[in-house]
Amino acid sequence: MKNEESKKDKECVCGHVHGEEECCCGHEHGHENIVDNGHGHEKCCCKHSDEEAACVDRHDHCRDGNCGHGHTHGGHTHDHDGGCECCAAKGHVDISSTKKLKISDFKYPIIKIGVSFVLAATAAVLQFAVKGTKGAGIAAIVLYCAAYLVVGAEYMWQAVKGVFRGDIFNENMLMTVASIGAMALGEYIEGVAVMLLYCVGETLQDAAIAKSKGNIVSLLGLKAESCLKLCGDNTEEIDSENLQAGDLVLVRKGEKIPSDGVVEEGESAIDCSSMTGESMPVAVGVGSEVTGGTVNTGNTIKVRISKRFEDTQASRILKLVEEAQESKPRAQKLISKFASIYTPAVFALAVIVALIPPLFYESYVDALTGIWLKKALVFLVISCPCALVISIPLAFFAGIGRCSKSGVLVKGGNYLEEMRGITVVCMDKTGTLTKGVFEVAEVSPADGVSEERLLKAAAACESMSTHPIALSIKEYTGGSDVGGITDYREYSGKGVGCNRKGADLLAGNMQLMAENGVTVSRVHEGYGSVVYFAEDGKELGYIALRDSVREGAKEVVDSLKAQGKRVIMLTGDVEESAKHVAEEVGIDEYFAGLLPQNKYEIVERLRNSGEKVMFVGDGLNDAPAIKAANLGVCVGGLGNDASVEASDVVLSTGSVAGLPAAFVTANETKKRVAENVVLSLVAKASIMAVSLAWVPMMWLAVVADVGVCIIAIINSVRR
C-alpha cells in the first residue's frame with residue numbers, strides 16, 4: 001500500500017551483502033574473479049575468516065563478513081573519515097565514523113596539492129623567467145609532468161579501471177582526457193591546472209561531506225566505544241559491545257553509560273538529552289535505572305548492566321539512523337538517470353565540436369589541433385555532473401540529520417520527500433496527544449464516609465489487578481494496608497470485588513453497582529474515567545482519573561494547521577474523553593470508539609479520496625493504520641517492534657513536538673535540491689556557450705565546475 005522501495009541487497013557466496021549493482025569506486029560487485037571464496041574486488045585473496053581479514057590491493061575488510069565499506073582501494077579510501085565523493089553520488093554516504101572533522105584527516109591530499117603546486121610553479125619559472133636557457137625547456141616539461149602525475153595518477157588509474165568495468169563516461173575519465181589533451185597541445189600549465197584544481201575541488205567536497213555528518217554523528221555518539229569493567233578491585237577497559245548482562249562498570253564524570261543498567265553505588269546526575277530531548281539532568285542514586293547512551297555529568301557511579309548494548313533503545317536509534325540512507329528519494333533517482341544520459345551526450349557533443357567545424361577551414365589539421373580541439377576539451381571538463389549527483393543525496397542526508405536532531409528519525413530520503421506532500425495528519429489520542437498514563441484527578445467520598453476509608457477500600461479492591469487504572473490507584477494510595485483479602489474476583493468489563501476482614505467490597509462502573517443493588521447518589525460528571533466503590537451494598541464514593549494532555553500538544557496541532565495540514569484524531573476511547581482532548585488541543589475532526597481495523601479503514605478511505613495521509617500512533621494496535629498511511633509515524637515506539645517496523649518515521653523522544661519542524665525541513669530540502677539542479681545546469685550551459693563563442697579557457701571550466709559543486713554542497717548542508 002505504500003510506495004516503498006524494494007531492497008536490492010542480496011547475499012552471495014562470499015557472504016558479502018551488496019546494496020548496489022555497481023559501485024562507482026571501481027567495484028563491479030561481481031564474482032568473476034573469485035579466489036578461494038573471496039569476492040570479485042580484483043585479485044582478492046582473503047577468505048574472510050573471523051580471525052583474519054587481510055588481502056591484496058589494500059582491501060582492509062571488516063571482520064563481520066559483510067562488506068561495509070570499511071576497506072581501502074588503492075588510494076581511494078573507504079573509511080570515509082574525510083568523506084567519499086563517489087559514495088555520496090550513489091547515495092550511500094557513510095556515517096559509521098564518529099570522529100570530528102580534523103585537518104589531519106586530509107593530510108594526504110593536502111600534501112599532494114602542495115607538492116604539485118611547487119613543482120608546477122618551478123616549471124613555470126623555468127619556462128618563462130629563464131626562457132632560452134639551455135635545457136630549461138626540457139626541465140620545465142619534466143617538472144610539469146611530475147606535477148601532473150602527483151595529483152593526477154590516482155584519477156588516471158580510476159579512469160582506466162572504469163574502462164574495464166564498462167563505466168567509461170565518469171568524471172575521472174573526463175578529467176584525464178581533457179588534461180592529457182591540453183598537455184599534448186603544449187598547454188602544460190592548463191593541463192596541470194585541470195588536475196590540480198580538480199584535486200582541490202575533490203578535497204573540499206570531501207571536507208563538506210564530512211562536515212555535513214554533524215547531526216548524525218552526534219546521534220551515533222550515543223554509543224560509548226569503550227568502558228571500564230570492574231573485576232573485583234581492579235578495572236579493565238573493554239569494548240562496550242562486549243559487555244554482558246550482569247557486568248559491573250565504573251562510569252566517571254563526563255563518560256557515556258555504555259548500556260542500560262541499574263546504579264549499584266554512588267549518586268550523580270545524568271544528561272538524557274540525547275535520548276529524550278530533556279535538557280535538565282536527572283538525579284540518580286542506588287537502585288535508579290539508567291539508559292545506555294546517556295552521559296554521567298556528576299560523580300563517579302557503578303552501574304550493573306542489565307542489557308547488551310545491541311538490545312538497548314540507543315542501539316535501536318543507531319540502526320534506524322544508519323538505515324536512513326538506504327532508501328533513495330525520487331529526485332535522486334531521476335538525477336542519476338539524467339547523469340547517465342547527460343554525460344555521454346556532452347562527450348559526443350565534444351567530439352562533434354572537435355571534428356566538424358574544422359571541415360570549414362582550409363587546413364583541417366591546423367584547425368583541429370588548434371582552438372576547436374581545445375573547445376572540445378573544455379566541454380569534457382564542464383560536463384562532469386558531480387554537483388548534481390553529490391549535492392542532491394547530500395541535501396536529503398542533511399535533512400534527515402536536521403530531523404534527527406529534534407528526535408524525528410526519518411528512515412530514508414524517500415520518506416522525507418514523501419513528507420512534503422502530506423495533506424492530512426491523523427493522530428492517535430492515548431500516548432500520542434496524551435501522556436498515556438492515568439492520574440488521579442478527584443477523590444469524592446460519599447456522605448458520612450471519610451476519604452481515608454474510601455482510599456483503603458480502593459487499595460484493597462485494586463491490589464491484585466493489572467489494569468492501567470488499577471495501577472494508578474495503587475500508586476496513589478501508596479502504603480495503604482491491603483492485608484486480609486479473600487474471595488478476590490473480577491467482573492469482565494465492569495470491575496472487581498473482594499472480601500476484606502469480613503466486609504464485601506466492590507469497585508467498578510455504574511453497571512456493576514446497579515447489578516449488585518448499590519444506589520449511587522454521588523455521580524461523577526465531566527471528563528475522565530471514574531471508578532465507584534461500595535462496601536456491603538452501600539456506596540463509599542468514587543475516584544476519577546484522567547489521562548492528561550502532553551505539554552506542547554496544542555502548539556503542535558496549531559502549527560500543523562498553520563502549515564495547511566488537516567488534523568484528525570482517531571481514538572478507541574469513549575466520545576466524552578475524545579471530545580474533551582480534541583477541544584483542549586484544538587482539533588476540529590475526531591472519531592471515537594474505534595477498533596484498530598476502524599482506524600485502518602478511515603486511513604484507507606482518506607487515501608482513496610486523494611489525500612496524502614500521515615498516521616501518528618504509539619501502540620501495537622496502531623500498526624495497521626501506520627502501515628496503511630502514505631507515511632507512518634511511531635511515537636516513542638523503540639520498544640515496540642511491530643510499530644517501528646511498520647513505520648517510516650520514529651519519534652524517539654516519545655513526543656510529537658518535532659513534527660512541525662520536520663515538515664519545514666522536508667520543504668526546505670526539496671527547495672535546495674531544485675536550487676542545486678538549476679544552479680548546476682545554468683552554470684554548465686553558460687561555460688559551454690562562452691567556450692563556443694569566445695576563447696576557451698580550460699582552467700575557468702575547472703574552477704566553474706568545482707565552484708558550482710562546492711556552492712551546491714554548502715547549500716545542501718546549511719542550516
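Laboratory data are not the source of any read-out in this text; all were calculated from the coordinates shown. No experiment lies behind these values; they were computed from the predicted model shown. Note that we place each Cβ from the backbone using ideal geometry, even for glycine, and neighbour counts take in every protein chain shown.
What ranking, highest mean first, results for peptides 611-618, 265-272 when packing means the other Cβ atoms within 10 Å averaged over each residue?
On the way: 611-618: 25.1, 265-272: 17.6.
Top of the packing list down: 611-618, 265-272.
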*Quick one: grab the alpha carbon gyration tensor of segment 412-566, order the square roots of its eigenvalues as a ≥ b ≥ c, and give me rounded if a/c is under 1.5, else prolate or oblate depending on whether a/b is larger than b/c.*
prolate
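Mind ordering 460-470, 428-438 by average Cβ neighbours within 10 Å, highest first? Walk me through the intermediate numbers first.
On the way: 460-470: 19.1, 428-438: 22.4.
Result, highest mean Cβ count within 10 Å first: 428-438, 460-470.
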*How many angstrom lie between the C-alpha centres of segment 411-440 and segment 647-669?*
9 Å
*Of all GluC sites (Glu not before Pro) in segment 535-579, which ones are in loop regions per DSSP and have a Cβ with at most 10 other Cβ atoms within 10 Å?*
551
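Of 435/599; 599/670; 307/435; 456/538; 161/374; 474/501, which sit over 24 Å apart, Cα to Cα?
Values: 435/599 20 Å; 599/670 31 Å; 307/435 26 Å; 456/538 15 Å; 161/374 26 Å; 474/501 19 Å.
From 435/599; 599/670; 307/435; 456/538; 161/374; 474/501, over 24 Å: 599/670; 307/435; 161/374.
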*Would you mind computing, in nm to one decimal, how far apart the modelled labels at residue 523 and residue 115 are, each placed 7 Å from Cα along Cα→Cβ?*
9.2 nm
*Would you kindly state how much longer the chain becomes between residue 146 and residue 503 on full extension, computed as 0.36 nm times their sequence separation minus their alpha carbon distance, in nm to one decimal?*
118.4 nm
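What's the magnitude of the charge dipole for segment 477-561 around its Cα centre, counting Lys and Arg as +1 and Asp and Glu as -1 at the beta-carbon? Answer in Debye, nearest 20.
Working: 10 positive and 13 negative charges, 21 e Å.
Result for segment 477-561 is approximately 100 debye, rounded to the nearest 20.
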_Please compute the length gained on full extension between residue 685 and residue 475, using 0.36 nm multiplied by the number of residues separating them and subtracting their Cα-Cα distance._
68.5 nm
